[in-house]
Amino acid sequence: MAFWTLLITIVIVILGYRYYTNRVDQQIVAADPKRATPAKMYNDGVDFMPASGSVLFGYQFKSIAALGPIVGPITAVQWGWLPAVLWLIVGVFFIGWVQDYASAMMAMRNDGMTMGGLAYKYISPRARGILLSFLYFYLLLIMGAFGAVVAGLLAAPTVPIGFLILTLAGVLAGQMTYRWRMDLVMTTVVTVLIALVGIWLGTMPWAQSIVKAINGMAGNAEGVLYSTPYGPMKWSVWFWGIIALVFTYFGSVLPIWRFAQPVNYVSFWFVMLGIVGSILGVIIATFTGATGVSFEIPAYIAFNNHLGPLWPILFVTISCGAISGWHSLVSTSGTARQLEKETDAKPVTAGAMYTEAVLAVLAVVFAATAIAKADGSVLYDAANGYKLSVGAGGIWIYGMARFLSVVGIPADLGGAIGGIFLAVMALTVMQLVLRFMRVASAELLGDKIIAFKNPHVGSLVAIAFTLLILWTAFWQRIWVLFGGANQLFAGLALLLVTIWLANEGKKYEWVFWPGVFMYVTTVAALLITAWKSFSAAFAPDTAAAFMVGNLIAGLIGLFLAIAALILAWDGWKSLSTARSKMAAAPSGD
Amino acid sequence: MTEEEKRSLIQKIKENLSDFIYGMASHEATRQALKTRGSMEHLFILITMGDLLGVPILPPYYSLRLLPYVVPQISTWKRRMLREKDLVDALA
């Protein structure tokens, strides 16, 4: 079943790319290979610089595929595997690639303007201000949601020692490349080997016992700090959350060549090994029966679960893979300024989005093919409506261990590679986000509070907010909120594209209706989540920390929903103006 | 398909694959390095050629002596300085 699900997804993705995407690119947007792009017109060798389509495809894919296409589907399987797969396929086919591609084209045809500038130009000055404050909370939710998953991953006994050695190997790679000027191939071989040995050492019993001892430092065997209605809050989340944020802090404040870039470079090889190895594992297991490939989770479980109703909550739980607002930021601020030809936008943006959908379906396969480990410990609790019993990272680690073992990699090592794979993908985005939050606080508050101009202060304040969320809130709730903010951002990007197309006198329905769907769905999801958070905060016998976490989650959800409604109102007025201009324009021009 | 066409196809696949790997592994870092270099260069031009913006930092004697080395950068510098910037640029 796993193989056929992957195969059907790939076939649909190819059909979507071949027919629907082609039609839009050639007939509606009319991409012109001869039109000068901002990368060529404003080439400054820094922000605007043409790059080949293949390079940009890799850049776009790496920039958009973080935790979203993995953790979202694993969490959403709690409604059944079929709704998750259907949303991924339908979402990417009609909405996901549309947003990524159209926002890149819009930025290209507007001199490489970013989302802030485009909102100012096409909606209103107020829209730009709301967008930027919206963005800060959205990024804070990314930090909280990703931080919680990374903390869970690092708490797995086989992961942290390997991760630490991989980080040191990355720092060594930076030293070898930029200071000692050594050959890149030699640097790669040496540092990847060191990292591989480190990951293997991390799976040794002595290394695991160190991590278990740290996890148990709360004073009881399970390391439980306090209980919540969603399960125990563990000391390990606090400890490893701090470690993850220290890593992110270094990535944010150290020179890029010293830490972030070489660590990401060394990790890249393990990410590739994980993706290629596990897809091969699924294919081989289908024909040899080496490990279970039948879905153990039912196709459909129930409309309601502890996170809320299937509509709208599932549609925000799975964001990346189906559609994600983050991609519009990458497409406008990054890719649109580097595209050499307009015709490259389709393979780069739509191609990367479709590929990400396949990765997300792979995550569904990992989740749905095992509800318990070989040792009997439960992953999804069948007696309790298939509720997730471990962190999403735990499911991914176990899935990768199973499928990598099919291609000959020992299960412990495969699991450690899976954990590091996911942690690195999350931390790469977290470093970028923290860097942005530091710049944003300096820009927005630096004139009033001079301390914010110091990069360390801006970073530490953002880290303090993140820790507050991480330590007090329920990670699945934060994940849903993050998904809501993410999808709402996508709705805003689609709104902007609609107004741009209407101003250009082009057909806009293919963007407008997906945008309406995303707006309605995400505002509903945010309001439901805010209500659930407030209810949990004021429930009797609530632990103080849990109350704080739920209050923060509820307030952020409410703020995002209100900001979205104001933006929608301003956007609707701009669209009406553009439509009346369109109606008044002489036809056939 | 002739032998030559086959070779050129294989060559093209190899190039695209290596471009893709470079794009995933290192392109962003390259951009960041270029940004850092660009910022340092612009700071240098501001110090040496501040007169162009009405900010005379160095005495004109030194600016004149450095002018030949800075000339190739001036058009790019002006373009970057005059471009409307947005906070979201920090995410790129």
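Considering the conditions (1) closer than 27 Å to residue A:155 by Cβ; (2) crowded, with 24+ Cβ neighbours inside 10 Å, residue A:458 is excluded by exactly one of them, (1). Looking at the structure I just gave you, is residue B:61 more than 14 Å from chain A (Cβ to nearest Cβ) and without any contact (Cβ under 8 Å) to a residue 12 or more places away in the chain? Yes; evaluated as a whole, the condition is true for this residue.
Residue-wise test of (1) under 23 Å from residue A:65 (Cα atoms); (2) of a type in the set (Lys, Arg); (3) within 14 Å of chain B (Cβ to nearest Cβ); (4) surrounded by 23 or more Cβ atoms within 10 Å (Cβ to Cβ).
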site	(1), (2), (3), (4)
A:411	no, no, no, no
A:426	yes, no, no, yes
A:450	no, no, no, no
A:469	no, no, no, yes
A:479	yes, no, no, yes
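Quick grid of which residues meet (1) modelled with pLDDT under 95; (2) within 23 Å of residue A:145 (Cβ to Cβ); (3) crowded, with 24+ Cβ neighbours inside 10 Å:
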| position | (1), (2), (3) |
| --- | --- |
| A:24 | no, no, no |
| A:41 | yes, no, no |
| A:46 | yes, no, no |
| A:49 | yes, no, no |
| A:64 | yes, yes, yes |
| A:73 | yes, yes, yes |
| A:83 | no, yes, no |
| A:91 | no, yes, yes |
| A:102 | no, no, yes |
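With respect to residue A:383, determine if the residue is part of a helix (DSSP H, G or I) and surrounded by 22 or more Cβ atoms within 10 Å (Cβ to Cβ). Taking the combined requirement at face value, the residue does not satisfy it. Checked against the criterion of being without any contact (Cβ under 8 Å) to a residue 60 or more places away in the chain, within 25 Å of residue A:107 (Cβ to Cβ) and of a type outside the set (D, E, K, R), the candidates A:516, A:429 yield just one match: A:516. The listed residues are A:413, A:444, and the only one of them that is more than 30 Å from residue A:7 (Cα to Cα) and hydrophobic (A, V, I, L, M, F, W, C) turns out to be A:444. Could you say whether any residue in the stretch B:66-88 is more than 7 Å from every other protein chain (Cβ to nearest Cβ), surrounded by 15 or more Cβ atoms within 10 Å (Cβ to Cβ), in a loop (DSSP other than H, G, I, E, B) and not charged (D, E, K, R)? No, the conditions are met nowhere in the stretch B:66-88.
Of the helices (runs of 4 or more DSSP H) that lie entirely inside the stretch A:51-144, those containing 3 or more residues that are in contact (Cβ under 8 Å) with a residue 12 or more places away in the chain and more than 14 Å from chain B (Cβ to nearest Cβ) span A:68-76, A:81-91, A:97-108. With the condition being at pLDDT below 85 and under 30 Å from the mean Cα position of the chain (by Cα), I'd like the helices (runs of 4 or more DSSP H) fully within the stretch A:149-235 carrying at least 2 qualifying residues. Correct list: empty, since no element meets the threshold. List, please: which pairs have Cβ atoms under 8 Å, are six or more places apart or on different chains, and start with a residue in the stretch B:1-18 that is farther than 24 Å from residue A:57 by Cα and end with one that is part of a helix (DSSP H, G or I)? Note: pairs meeting the criteria are B:1/B:9.
Right, residue A:583: assigned to a helix (DSSP H, G or I), at negative phi and either surrounded by 13 or more Cβ atoms within 10 Å (Cβ to Cβ) or at pLDDT 90 or above (or both) or not? Spelling it out, it is not the case that residue A:583 is assigned to a helix (DSSP H, G or I), at negative phi and either surrounded by 13 or more Cβ atoms within 10 Å (Cβ to Cβ) or at pLDDT 90 or above (or both). Note on the stretch A:253-294: residues that are surrounded by fewer than 17 Cβ atoms within 10 Å (Cβ to Cβ) and either touching a strand residue (DSSP E or B) at 6+ places or on another chain (Cβ under 7 Å) or of a type in the set (S, T, N, Q) (or both) total 2. Counting residues in the stretch A:428-447 that are acidic (Asp, Glu), within 13 Å of chain B (Cβ to nearest Cβ) and either part of a helix (DSSP H, G or I) or on the phi > 0 side of the Ramachandran plot (or both) gives one or more. Annotation: residue A:383 fulfils all but one of (1) more than 14 Å from chain B (Cβ to nearest Cβ); (2) closer than 27 Å to residue A:486 by Cβ; (3) among the hydrophobic types (A, V, I, L, M, F, W, C); the unmet one is (2). Could you tell me whether residue A:565 is surrounded by fewer than 15 Cβ atoms within 10 Å (Cβ to Cβ) and either at negative phi or among the small types (Gly, Ala, Ser) (or both)? Yes. For the stretch B:1-9, the count of residues that are part of a helix (DSSP H, G or I) and in contact with a Phe, Trp or Tyr (Cβ under 8 Å, 6 or more places away or on another chain) is zero.
Comparison of A:358, A:348 shows that the only residue that is closer than 26 Å to residue A:398 by Cα and touching a residue at least 24 places away in the same chain (Cβ under 8 Å) is A:358.
Going residue by residue through the stretch A:4-15, is there one that turns out to be within 14 Å of chain B (Cβ to nearest Cβ) and more than 25 Å from residue B:20 (Cβ to Cβ)? No. Scanning the stretch A:442-457 for residues that are in contact with a Ser or Thr (Cβ under 9 Å, 6 or more places away or on another chain) and touching a residue at least 24 places away in the same chain (Cβ under 8 Å) yields A:444, A:455. Can you find even one residue in the stretch A:318-341 that is of a type in the set (Gly, Ala, Ser), assigned to a loop (DSSP other than H, G, I, E, B), more than 25 Å from residue A:13 (Cα to Cα) and at pLDDT 90 or above? No. Name the residue that is nearest to the chain's Cα centre (by Cα), counting only residues in the stretch A:35-46 that are outside any helix (DSSP H, G or I) and more than 7 Å from every other protein chain (Cβ to nearest Cβ). Here the residue is A:37. Only residues that are within 29 Å of residue A:237 (Cβ to Cβ) and among the acidic types (Asp, Glu) were counted in the stretch A:530-589, giving 1. In the stretch A:458-467, the qualifying residues are those that are in contact (Cβ under 8 Å) with a residue 12 or more places away in the chain and hydrophobic (A, V, I, L, M, F, W, C), and the one that is nearest to the other protein chains (Cβ to nearest Cβ) is A:462. Restricting the stretch B:10-45 to residues that are under 28 Å from residue A:347 (Cβ atoms) and β-branched (Val, Ile, Thr), the residue that is nearest to the other protein chains (Cβ to nearest Cβ) is B:21. Just one residue in the set B:80, B:65, B:31 is modelled with pLDDT of 85 or more, closer than 22 Å to residue A:333 by Cα and of a type in the set (D, E, K, R); that residue is B:31. The requirement of being more than 28 Å from the chain's Cα centre (by Cα), within 30 Å of residue B:37 (Cβ to Cβ) and not acidic (Asp, Glu) is fulfilled nowhere in the stretch A:17-30; no residue meets it. Looking at A:503, A:486, just one residue is in contact with a Cys (Cβ under 8 Å, 6 or more places away or on another chain) and touching a residue at least 40 places away in the same chain (Cβ under 8 Å), and that residue is A:486.
The values are calculated or read from the model by the stated rules, or taken from the named source; none is laboratory data. Source: prediction; values computed, not measured. Heads up, the Cβs are rebuilt from the backbone with ideal geometry, glycines too, and the neighbour counts pull from every protein chain shown.
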